[in-house]
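Below is one structure, written out as structure tokens; the observations come after it.
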């Protein structure tokens with residue numbers, strides 16, 4: 001027999017953390033209601049199904065230790081969803097069954113799940129209703145943001161100009177393809193608990209859990225719906241603490257928890273590259289060149305050899321093998337080059353050559369050069385509309401976190417837990 005422990009509290013998660021820390025390993029929840037959020041309830045079944053969904057989609061191991069570490073994040077997510085749905089209801093917003101079905105179909109497609117997605121979930125012990133509930137809350141909150149926050153977001157020309165100037169200043173420097181997980185700290189008493197949750201998630205990700213799936217389940221940033229994807233980030237676009245981490249992390253690294261004013265951030269560096277900047281649309285070329293001086297051979301002889309090499313070469317992959325049959329020819333990789341910055345004689349020779357093609361033999365001093373196009377990539381110039389959209393999204397994300405924090409602070413929350421005896 002268990003005696004429910006019921007508390008009405010101003011800071012739900014600080015008390016939860018203290019209570020869970022004192023539970024023995026065999027502690028459990030009473031059957032029935034776990035928490036009351038204003039006029040809605042969260043049941044033990046809600047909690048259990050969401051835990052199973054989180055473990056399935058994130059790839060985290062289903063162990064007692066992992067479940068205990070994730071408990072607070074799962075419960076917090078469920079509480080936030082209730083608050084988001086209540087705010088949407090207050091504004092008269094609705095989500096149709098078709099919208100939810102389409103969202104589920106996208107998830108199945110993105111994860112390579114063939115056949116009936118609901119059957120897939122059921123076969124793994126997860127109720128499809130758990131997925132639908134999560135998606136309904138996310139879709140409703142998106143509509144709240146569009147109605148309540150987006151009209152108040154103001155991005156001016158000076159904001160766009162500042163971003164363009166920053167990109168220009170960082171031309172030639174590194175930028176990173178970044179994903180994030182954000183765990184907010186709304187009360188100082190939550191600090192240690194959230195840091196511990198971040199450490200646990202990092203440990204599981206480094207052991208093989210899928211970062212994007214973990215972000216979708218646990219991140220409290222607007223990027224969570226995209227698996228934490230932030231796109232290409234240049235040094236200077238982040239908060240100072242995150243910029244410092246970006247500089248020291250290598251391709252493929254997952255950061256330690258990074259404390260900012262909002263909470264703890266986890267960054268994953270998926271790729272790195274040099275920043276290209278062009279006021280207009282441009283083309284980036286990856287090139288090889290072969291060359292040979294005339295020496296004892298005539299110019300005509302060297303040019304004939306060059307034509308023969310071109311005819312036998314299939315792109316850049318077998319170039320070295322072909323050259324081995326011709327005496328005196330040398331191969332060289334060239335640095336990536338923007339077509340607009342190449343000399344006129346050079347750009348006119350290669351501007352219309354497709355990837356895998358090569359130029360005609362070119363006379364250079366007392367020798368012949370042939371250029372091979374190993375890669376060709378169109379690089380968009382400054383797109384003010386894209387920058388405007390990105391800045392607007394960033395500001396909406398910040399204001400949406402503030403709105404959710406306000407909803408938490410004004411909500412009535414009652415949690416009911418009981419340790420097994």
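Only the coordinates and a few stated rules stand behind these numbers; no lab work does. These numbers come from a predicted model, not from an experiment. With ideal geometry, Cβ positions are generated from the backbone for all residues, glycine too; neighbour counts draw on all protein chains shown.
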field: region 147-217 and region 314-348: distance between their alpha carbon centers, rounded to Å
entry: 41
Label-point gap, in nm, between residue 154 and residue 351 - each point 7 angstrom along Cα→Cβ: 4.4
- prompt: Shape of region 156-206 from its Cα gyration tensor (a ≥ b ≥ c, root eigenvalues): rounded if a/c is under 1.5, otherwise prolate when a/b > b/c, or oblate?
  reply: oblate
Largest-first principal axis extents, alpha carbons of the chain, Å: 100, 47, 41
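If the chain between residue 271 and residue 226 were fully stretched, how many nm would it gain, using 0.36 nm times the residue separation less the Cα-Cα distance? Display every interim value, and only then the final one.
Values: separation 45, 0.36 × 45 = 16.20 nm, distance 1.70 nm.
This chain segment gains 14.5 nm when fully extended.
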task: Compute the acute angle (0 to 90°) between the alpha-carbon long axis of helix 384-410 and the principal axis of greatest extent of the alpha-carbon atoms of the chain; round to the nearest 10°.
output: 20
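Fully extended, how many nm does the chain gain between residue 38 and residue 146 (0.36 nm per residue separation, minus their Cα-Cα distance)? Could the numbers behind the result be given before it?
Values: separation 108, 0.36 × 108 = 38.88 nm, distance 2.40 nm.
36.5 nm is the gain from fully extending residue 38 to residue 146.
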statement: Measuring from the longest principal axis of the C-alpha atoms of the chain, the long axis of helix 44-58 (C-alpha) lies at a number of degrees, nearest 10, equal to 10
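Taking 8 Å as the Cα distance limit and 6 or more residues as the minimum spacing, I'd like the relative contact order of the chain as a percentage.
On the way: 602 pairs, mean separation 102.4, N = 421.
Contact order relative to length: 24 percent.
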- line: Within the set 156, 252, 365, GNM on the chain using Cα springs under 10 Å gives the largest fluctuation to 365
message: Expected output is a single nm value to one decimal: the length gained when fully extending between residue 377 and residue 45, i.e. 0.36 nm times separation in residues minus the C-alpha distance. What is it?
response: 114.4 nm
field: Degrees separating the helix 157-169 axis from the principal Cα axis of the chain, which is the longest one
entry: 50
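So for region 282-379, averaging the separation of alpha carbon pairs under 8 Å that are six or more residues apart and normalising by length, what relative contact order in percent results? Can you show the working numbers first?
Working: 167 pairs, mean separation 48.3, N = 98.
The normalised contact order for region 282-379 reaches 49 percent.
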- request: Give the peptides 402-412, 78-88 in descending order of average Cβ contacts within 10 Å, highest first.
  value: 78-88, 402-412
- line: Gyration tensor on Cα atoms of region 277-388, a ≥ b ≥ c root eigenvalues, a/c under 1.5 rounded, else prolate if a/b beats b/c, else oblate, says prolate
- request: Return the single residue from 325, 244, 224 with maximal mean-square fluctuation; model: Gaussian network over the chain, springs between Cα atoms under 10 Å.
  value: 325
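Let me have the 222 nm mean residue ellipticity of the chain computed from DSSP H runs of 4+ only, each contributing -39500 (n - 2.57), with the sum over all residues rounded to the nearest 500. Write out the running numbers ahead of the final one.
Numbers: 14 runs with 189 residues, N = 421.
Mean residue ellipticity at 222 nm (helix-derived): -14500 deg cm²/dmol.
Is the shape of region 139-239 best called rounded, prolate or oblate, per the rule: a/c under 1.5 gives rounded, else a/b larger than b/c gives prolate, else oblate, with a ≥ b ≥ c the square roots of the Cα gyration tensor eigenvalues? Please list the in-between numbers first.
Working: a/c = 1.93, a/b = 1.30, b/c = 1.48.
Oblate.
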